[in-house]
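The values are calculated or read from the model by the stated rules, or taken from the named source; none is laboratory data. Remember, it's a predicted structure, so these values are computed and weren't measured experimentally. Heads up, the Cβs are rebuilt from the backbone with ideal geometry, glycines too, and the neighbour counts pull from every protein chain shown. Just so you know, the surface numbers come from the protein's heavy atoms only, side chains and all, with ligands and any DNA or RNA stripped out. Shrake-Rupley method; radii C 1.70, N 1.55, O 1.52, S 1.80 Å.
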Amino acid sequence: MKALIKTARGVGNIELRDIEKPTPGRGEALIEVAASGICGTDMHIRQDHSFYTPPVVLGHEYAGTVVEVGDGVSNIHVGNRVTSPATQYCGQCYQCKNAHVNRCTAENKKILGVSVANGGFAKYVAVPEYVLHKIPEGLSLEEAAMAEPTACVVRCVAERSPITPGDVVVVQGPGTMGLIATQVAKAMGASKVIVTGITSDEWRFEIAKAVGADMTIDVLTEKDPVGVVASLTDCAGADVVIEASGSAAARRQALEFVKVTGHVTLLGTQGTNTDLYLDHIVEKELSMTGSWGTLPSTWVLTLRLMASGQIDVKPLITHRISLEEWEKGFDLMETQQAIKVLFTNLE
Ligand SMILES: [Zn+2]
Ligand SMILES: [Zn+2]
């Protein structure tokens, strides 16, 4: 089968190669991949900016149908439609024992499409049964391929941010994560979601409105973005700000958008030191949270929100390509001309 492989450390070193179809080991299911998404992490791996262990078949956002099961698999059957988180955990370390399986510290931890475990940019992928989730009826395999980034947002917003009915929420950054965060905030009862971005985000603002944003602000052309948010909240500021842009300027602005006793959620890392005026936390009595990956329970909630239509990822899928076109897909993501690019033809 054809597989897209990061062959060695360094910039680039990604190739489409022919490899053996995997056979499911004990406790594993073999899945025929119907769709798998290109993620920012894949860009970081391409540019050698991120942790990974080559050679590895890339792809950690996938969905497909079980075609074979290994010994000892009991709850997953041939024909089941499934998806899963990327991270496989040991169940034995201190973090796992404390139910923080998203922070498992096992050495040589398998992360699908990143480290040790071959991922979903291939026709077949072998995945342990214990991390798999069955896809609810009514949710397509293409939509389910978006469950991984969606679950990361659900973890950070639904499980780690105190949004309550009526809240005014600012989401910074109309990329995949921000557009999903917008919908999660609405599902939690936010009365208004304001999505901020920059001038080149203009076309993403249209998608933001289509998925529920009440207002968008271009922070480069709007003279007083903080004043605009204040004017919507009796001069108080946003109840909750979700930083989903990955920019240092947005982090600084988050502390200005937020009201006294408000909350700032950091959705994702930046990999650098950010120069922040942390006195805002004292002066405004703020709270801040972040999150890392997902818990199994996050996936149960995520698939329910997706199946119910409270999160609709269809408008976020802007491109569908074949494995042969991988370079075009990566370039579209890198130049921010796409929200989500899916491989849908993995022959
Ligand atoms: Zn991802
Ligand atoms: Zn562990």
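Listing for the model above:
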{"quantity": "With every protein chain in place, the chain: carbon and sulfur % of accessible area (1.4 Å)", "calculated": "50"}
{"quantity": "Antiparallel content of DSSP bridges confined to the chain, in %, to 5", "calculated": "50"}
{"quantity": "Over the stretch 161-290, relative contact order from alpha-carbon pairs under 8 Å, at least 6 apart, %", "calculated": "24"}
{"quantity": "Listed residue (Leu232, Gly262, Ala248) projecting farthest to the positive dipole end of the stretch 220-271, Cβ model", "calculated": "Ala248"}
{"quantity": "Cα-centred dipole magnitude for the chain, charges only on beta-carbon of K, R (+1) and D, E (-1), debye, nearest 20", "calculated": "660"}
{"quantity": "Global geometry of the stretch 161-290, whether rounded, prolate or oblate, following the gyration tensor of its Cα atoms and the 1.5 cut on a/c", "calculated": "rounded"}
{"quantity": "Around Asn102: net Lys/Arg minus Asp/Glu count, Cβ-Cβ under 12 Å", "calculated": "+3"}
{"quantity": "The stretch 22-135: C-alpha gyration tensor shape, a/c 1.5 cut-off, then a/b vs b/c", "calculated": "oblate"}
{"quantity": "Per residue accessible area in Å² of the stretch 252-344, where ligands, DNA and RNA are left out and the probe is 1.4 Å", "calculated": "50"}
{"quantity": "Sequence ranges 207-219, 138-150, ranked by mean other-Cβ count within 10 angstrom, highest first", "calculated": "138-150, 207-219"}
{"quantity": "Linear extension gain, Ala8 paired with Glu283, 0.36 nm per residue minus alpha-carbon span", "calculated": "94.1 nm"}
{"quantity": "Normalised per residue, the volume of the convex hull around the Cα set of the stretch 161-214 (Å³)", "calculated": "60"}
{"quantity": "Surrounding net charge for Gly10, when Lys and Arg each add one and Asp and Glu each subtract one, Cβ distance under 11 Å", "calculated": "+2"}
{"quantity": "Hz values of 3J(HN,Hα) by residue in the stretch 80-90 - Karplus curve (6.51, -1.76, 1.60), Gly and Pro given as x", "calculated": "5, 8, 9, 8, 6, x, 7, 7, 9, 10, 8"}
{"quantity": "Per-peptide average of other Cβ atoms within 10 Å, ordering 63-74, 87-98, 254-265, 151-162 highest first", "calculated": "151-162, 254-265, 63-74, 87-98"}
{"quantity": "Among beta bridges that DSSP assigns inside the stretch 241-347, antiparallel share in %, nearest 5", "calculated": "0"}
{"quantity": "The chain: DSSP helices with Cα axial extent of at least 18 Å and average Kyte-Doolittle hydropathy no lower than -0.5", "calculated": "296-308"}
{"quantity": "For Val211, net neighbour charge (Lys/Arg +1, Asp/Glu -1) across residues whose Cβ lies under 13 Å away", "calculated": "+2"}
{"quantity": "Area projected by the alpha carbon convex hull of the chain, averaged over all directions, nm²", "calculated": "17.0"}
